[in-house]
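The values are calculated or read from the model by the stated rules, or taken from the named source; none is laboratory data. Just so you know, these numbers come straight off a predicted model, no measurement behind them. Neighbour counts run over all protein chains shown; Cβ positions are idealised from the backbone, glycine included.
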Amino acid sequence: MTGRATLPALVAVAFTAGTAATIAVAARQLGEAQAAASRSVARMAAELWELSGGADEAARSFVDAGIAIESVPAPGSGQPANRMGPGESPSEPGAHAYRAGSLQPAVWIAVPPQPRESPLPPTATALALLGSLLMSAWALARRRAPAPPGYPTIVALTATALLGAVAATTHRWADSELEALSDRHAGHALRAVEAALDLGTDPERAARVAGLPWAASAALTRPDQLWTMPQDVGVALAAIPDPPYATPFTVAVGRTTWHAGLVTLPAQGPAAPFRALHLALLGYEETRAPTVPLAAAATAASLLTALILFLLPLSAHPPLLRRTVTAWAFLAPAALLLAIFTFGPLLFSLWISLHEWHLVDPVHPFVGLDRYRQIILDVDWWTALRNTGIFTLHVPLAMAVALGLALLTRGSRRAVRLARLALFLPSITSVVAIAVVWKWLLNDGYGPVNQLLESVGLAPVSWLTSPEVALVTLMAISVWMVVGYQMVVFQAGLAAIPRDWYDAARVDGAGAVQRFRHITLPGLRHTLFFVLVTSVIGSFQVFGLVYVMTEGGPLGATDVAVYHIYREAWEFLRFGNAAAMSWILFAVVFVATWLHFRLLEGRAVHA
Amino acid sequence: MLLLAGAACSPAPPAAVTLRVALWAGGNELEIEQRVADRYEALRPGTRVVLESAPNGYEERLLTSIAAGRPPDVYLLDSPDIPTFVDRGLAVDFEPYQEALGFRADSVFPQVLDAFRRGRSLFALPKDFTPMVLYTNRGVLSRAGIDLPASAEWTWDDFRRAADAATIDSDGDGRPDVYGFDFPRNLYQWVPFVWSAGGDILSPEGDAASGFMDAPAAVDAYAFLTGLAEDGLTPGAQFVQQGDPAREARFASGGQAFLLSGHWTLPVFRDLVDAGELDLAIVRIPHHPSQGAATSVLYASGWAVPPNAANLRQAIDLAGFLASPEAQRIRARSGLAIPSRADVAAEFAARDTTGVEAAFISLVEGARLTWGAHVRDFSRVEALAVEIMDRRLLAGEDLASSAADVARRVDEVLRR
């Protein structure tokens, strides 16, 4: 391997490819936004064509440049009517228009692609070229130089800084292009609504031509009555003292910018109850900003460059270099999987927890740590955490029972083997199946457990319907579920304790209790620690039993953290809350586990 | 070569369009919906309809598909989900297409149509609906020596007397073998009792609960219902959303006189009724003695189309068919809900010799839509509201104070 010559060249190539990819990603995203805007304009033209009863001029009236209107063959003419759909071809954005009331397309309206101020980001392109030249010059200079003794920090920092600068300037360019696009789009929407009103259309229908969230001016005085426009946007629009008419303007709502516009409504006619129509467009710079792909491209290029630079000092030792590259190659698939399926979702949930996030809302305003503050003040969340903590208390009990069973069921007799099998079965049975069966067994009215109690003269117990008893019931069922697994693990631990120790203790006159205390327990210390930590983590994540058996009730007595999080996300659709609660729970579990290690493992090691 | 040339000259087959429909049907209902889809495919050659059913977690799946940019072409919209989807612009307005679809608004029960209307706009084509009614086991009542009230209207006192008489401990073990009723724990079950006492749970604008959910009329309703449970006229409450899973079996087997439910329960009893093993009557929910009539709650569902559907006009056409009289006639055979079209509902009621369907239709008038059809985040309100009576039954708390506390917390939810 000629690593000393190849690696610097690879650094230059990785850097150049990274800057090119960064710019290309943004340009592609911008192209998609332009195509989407053009399709939207085409749909407005199609709506106007329909409203006007098929007048081409109505469709052209609001578009700056010329548009193409082409008849679509009628159904049965041998060609499929829907030979092209909206957005099928980004180079020719368009939409079908229909005769009024018809569901068969009549014409295809194509609009020219929305213009772009500049094809490429000028500053970013210049920086990319400059950086590529620099890196190439450095690579050339290194061709005959010996391998550096240490990591070339300055080169790595320069490459990272340049990539960051390229990404930042590209983002600024894309942002400004998208803003301009949004402004043009808002202008088109205003003109389309005006054209629709000129055709005598009522305000509601006219507003729908624009395809944007809208509200009539009368509705703005009653924010709760707003229609499709988000309430806070309506409130912000209503608060503008003297808004311009027929000209797009921007309004900031929280940290989000909306492009808005007002259309005056005629005093008479179908628009009579309203004075103006308000339209709002969540700017493309908000919905299609290339922040994430840009950051991903620049980060990936920086990491790749840094990794190659890391290999550079090793080029003096080709076997070591080869081994390192081989090791990395083997690690790469697992690292990639971890990055995509573990760290990616983790980071995403962190991002969600800091934003107002709904699955289908286009805008996700930043709320920072406000949500965490609200959750910390939320009594119900603390109740759920407290219940989770109490539930976790079943772990030591389960371990004690499991250890006892492990001691009792040692050996290979048939009855012992059957007992082990019976005890282990709950561990391999579906939690849902277990929960359904126990729910029936413990029913207040017809459950066999209460019937049994009554048959022997005892009072029935409200196993799942009493706030004082329900959580204890779930803990008992959980003990029953986990002891089999823990028993098997303990038996493996017991098998590892040398038999000689017990024999020696017997010779020394030690009784059963002394042997258990001085040989069995110390011999099991690592097993006990493992079972304790994994069981505590598992009990913090309890969900299935609660979901099926009690739904967190009665009166929140069994509302545990994960079930609480599930409801926040999927029942109340408050994903931001759910994500923040998940991070708080993570912190609690992390601290609990750390305390276990700190307090127990150290003691076990030194025991 | 000749074969190839022949193939090249033959007219191209029409482009196949696949339309995906999201719904929550299961079992027999899904089979019937498939029959409706098959009929549409026969009417529109070249169109394929794929039913994507999710009987559990429907809203999760639907929202996820929309968020992923792959929404279904048509989806079933439940009344409590209307604000979530319509207020976010996730449903196409059918108003311009009504004529092309042959949809006649005046043929639909007006209360059902109103669920999906905003001004002139119509955001879903109604599929079917049900009011909440009282299923009555007349066999149980006659054994207790009680006649159903001749008038359609009856008061809480009448109902209480009937439930009291029906509750019987025949074997003397101290536990009733027949109950009058079962405790209606969930808001969707008990809200008609609040309405029938002249109260409501939210302000007319739907923006406040204090002064409504804790008003005397509402507290009267809570007291009436918890009184039934405290006096042993209902089996022990289960305190879970799904309620008592044995309630329908208990009612059908003569262990309970009254059952509060919607039309969806009727298929469970249909065979028993047809075989003469269950003497079933459908009656109106009783009202407070101070009021003249009861008001029940009504739940409806309709076919909606997302604006970004891949095949928008075909999707609108399909939604039109799914709501058409033909589809409703096929669907009505499942008996799960009442067809939204009055004429189709009347046809099926006329064919039903037991009179149960006619009784259901007669109760539609006077029913009103669930608050969930208008108020966003209503699921949170529902989750909080169950606490009012739970706290009474489980902790002996005063109903007025628990109602006031819950109302205050609901206010916070609505303010957000």
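Out of the residues in the stretch B:93-127 meeting the condition of being more than 9 Å from chain A (Cβ to nearest Cβ) and among the small types (G, A, S), tell me which one is surrounded by the fewest Cβ atoms within 10 Å (Cβ to Cβ). Going through the qualifying residues, I end up with B:G102. The strands (runs of 3 or more DSSP E) found wholly in the stretch B:226-309 and carrying at least 1 residues that are crowded, with 23+ Cβ neighbours inside 10 Å and away from chain A (no Cβ under 12 Å) occupy B:258-261, B:297-304.
Filtering the stretch B:14-31 to residues that are aliphatic (A, V, I, L, M) and either under 19 Å from the mean Cα position of the chain (by Cα) or under 18 Å from B:N308 (Cα atoms) (or both) leaves B:V17, B:L19, B:V21, B:A22, B:L23, B:A25, B:L30. Only helices (runs of 4 or more DSSP H) wholly contained in the stretch B:1-104 count here; list those with 2 or more residues that are at pLDDT 90 or above and over 30 Å from A:Q231 (Cβ atoms). The qualifying helices (runs of 4 or more DSSP H) are B:27-43. Of the residues that make up the stretch B:51-71, is at least one touching a residue at least 40 places away in the same chain (Cβ under 8 Å), under 21 Å from A:V360 (Cα atoms), of a type in the set (V, I, T) and within 12 Å of chain A (Cβ to nearest Cβ)? Yes, the conditions are met somewhere in the stretch B:51-71. It is to be established whether one or more residues within the stretch A:579-587 are over 24 Å from A:H394 (Cα atoms), in a helix (DSSP H, G or I) and touching a strand residue (DSSP E or B) at 6+ places or on another chain (Cβ under 7 Å). No: zero hits.
Table: residues versus (1) within 13 Å of chain B (Cβ to nearest Cβ); (2) within 27 Å of A:H394 (Cβ to Cβ); (3) surrounded by 13 or more Cβ atoms within 10 Å (Cβ to Cβ).
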{"site": "A:G445", "(1), (2), (3)": "yes, yes, yes"}
{"site": "A:P448", "(1), (2), (3)": "no, yes, no"}
{"site": "A:L452", "(1), (2), (3)": "no, yes, no"}
{"site": "A:V472", "(1), (2), (3)": "no, yes, yes"}
{"site": "A:A492", "(1), (2), (3)": "no, yes, no"}
{"site": "A:W501", "(1), (2), (3)": "no, no, yes"}
{"site": "A:F529", "(1), (2), (3)": "no, yes, yes"}
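Annotation note: Cβ proximity below 6 Å between a residue of the stretch A:407-430 that is in a helix (DSSP H, G or I) and a residue that is modelled with pLDDT under 90 and surrounded by 13 or more Cβ atoms within 10 Å (Cβ to Cβ) (sequence gap 6+ or interchain) occurs for A:V416/A:T409; A:A419/A:T409; A:R420/A:T409. Meeting the requirement of 2 or more residues that are at pLDDT 95 or above, the helices (runs of 4 or more DSSP H) wholly within the stretch A:449-535 are A:470-495. Look at A:V588 and say whether it is modelled with pLDDT of 90 or more and more than 24 Å from A:H355 (Cα to Cα). Answer is no for this residue.
Of the residues contained in the stretch A:562-572, one or more are found to be without any contact (Cβ under 8 Å) to a residue 12 or more places away in the chain, within 27 Å of A:L359 (Cβ to Cβ) and not hydrophobic (A, V, I, L, M, F, W, C). Residue pairs whose Cβ atoms lie under 8 Å apart, sitting 6 or more positions apart in sequence or on different chains, and linking a residue in the stretch A:547-561 that is at the interface with chain B (Cβ under 7 Å from one of its Cβ atoms) and in contact (Cβ under 8 Å) with a residue 60 or more places away in the chain to a partner that is charged (D, E, K, R) and assigned to a loop (DSSP other than H, G, I, E, B), are A:G553/A:D559.
The requirement of being surrounded by fewer than 16 Cβ atoms within 10 Å (Cβ to Cβ), more than 11 Å from chain A (Cβ to nearest Cβ), of a type in the set (F, W, Y) and in contact (Cβ under 8 Å) with a residue 40 or more places away in the chain is fulfilled nowhere in the stretch B:209-216; no residue meets it. Summed over the stretch B:319-338, residues that are more than 10 Å from chain A (Cβ to nearest Cβ) and either aromatic (F, W, Y) or in a helix (DSSP H, G or I) (or both) total 11.
The residue pairs whose first member lies in the stretch A:100-119 and is free of Cβ contacts under 8 Å to residues at least 12 places away in the same chain and surrounded by fewer than 20 Cβ atoms within 10 Å (Cβ to Cβ), whose second member is among the β-branched types (V, I, T) and not in a loop (DSSP other than H, G, I, E, B), and whose beta carbons are closer than 7 Å, counting only pairs six or more residues apart or on different chains, are A:L103/B:I316. The lone criterion from (1) over 48 Å from the mean Cα position of the chain (by Cα); (2) β-branched (V, I, T); (3) crowded, with 16+ Cβ neighbours inside 10 Å left unmet by A:V488 is number (1).
On the given criteria, is A:L262 within 33 Å of the chain's Cα centre (by Cα), assigned to a strand (DSSP E or B) and farther than 30 Å from A:A20 by Cβ? No: the conditions fail for A:L262. Could you check, for the stretch A:59-78, whether at least one of its residues is modelled with pLDDT of 80 or more, within 9 Å of another protein chain (Cβ to nearest Cβ) and surrounded by 17 or more Cβ atoms within 10 Å (Cβ to Cβ)? The answer is no, given that none of the residues of the stretch A:59-78 is modelled with pLDDT of 80 or more, within 9 Å of another protein chain (Cβ to nearest Cβ) and surrounded by 17 or more Cβ atoms within 10 Å (Cβ to Cβ).
Specify the residue that is surrounded by the fewest Cβ atoms within 10 Å (Cβ to Cβ); the eligible residues are those in the stretch A:190-222 that are farther than 17 Å from A:G101 by Cβ and of a type in the set (V, I, T). The qualifying residue surrounded by the fewest Cβ atoms within 10 Å (Cβ to Cβ) is A:T221.
Provide a single number: the residues in the stretch A:228-248 that are in contact with an Asp or Glu (Cβ under 9 Å, 6 or more places away or on another chain) and not aliphatic (A, V, I, L, M). Final tally of qualifying residues: 4.
Applying the condition of being among the small types (G, A, S) and under 25 Å from A:L464 (Cα atoms) to the stretch B:378-413 and asking which residue is farthest from the other protein chains (Cβ to nearest Cβ) yields B:A403. In the stretch B:140-165, the residues that are among the acidic types (D, E) never reach a residue that is modelled with pLDDT of 90 or more and assigned to a strand (DSSP E or B) with C-beta atoms less than 6 angstrom apart, at least six apart or across chains.
When B:D377, B:D343 are screened for being touching a residue at least 12 places away in the same chain (Cβ under 8 Å), in contact with a helix residue (DSSP H, G or I) (Cβ under 8 Å, 6 or more places away or on another chain) and under 19 Å from A:E571 (Cβ atoms), only B:D377 passes.
Yes or no, residue by residue, for (1) over 30 Å from A:A26 (Cβ atoms); (2) at pLDDT 90 or above; (3) surrounded by 14 or more Cβ atoms within 10 Å (Cβ to Cβ):
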residue	(1), (2), (3)
A:A297	no, yes, yes
A:S302	no, yes, yes
A:L314	yes, no, yes
A:P318	yes, no, no
A:L321	yes, no, yes
A:A332	no, yes, no
A:L337	no, yes, no
A:F343	no, yes, no
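For the stretch B:383-393, the criterion of being free of Cβ contacts under 8 Å to residues at least 12 places away in the same chain and more than 30 Å from B:A275 (Cα to Cα) is met by at least one residue.
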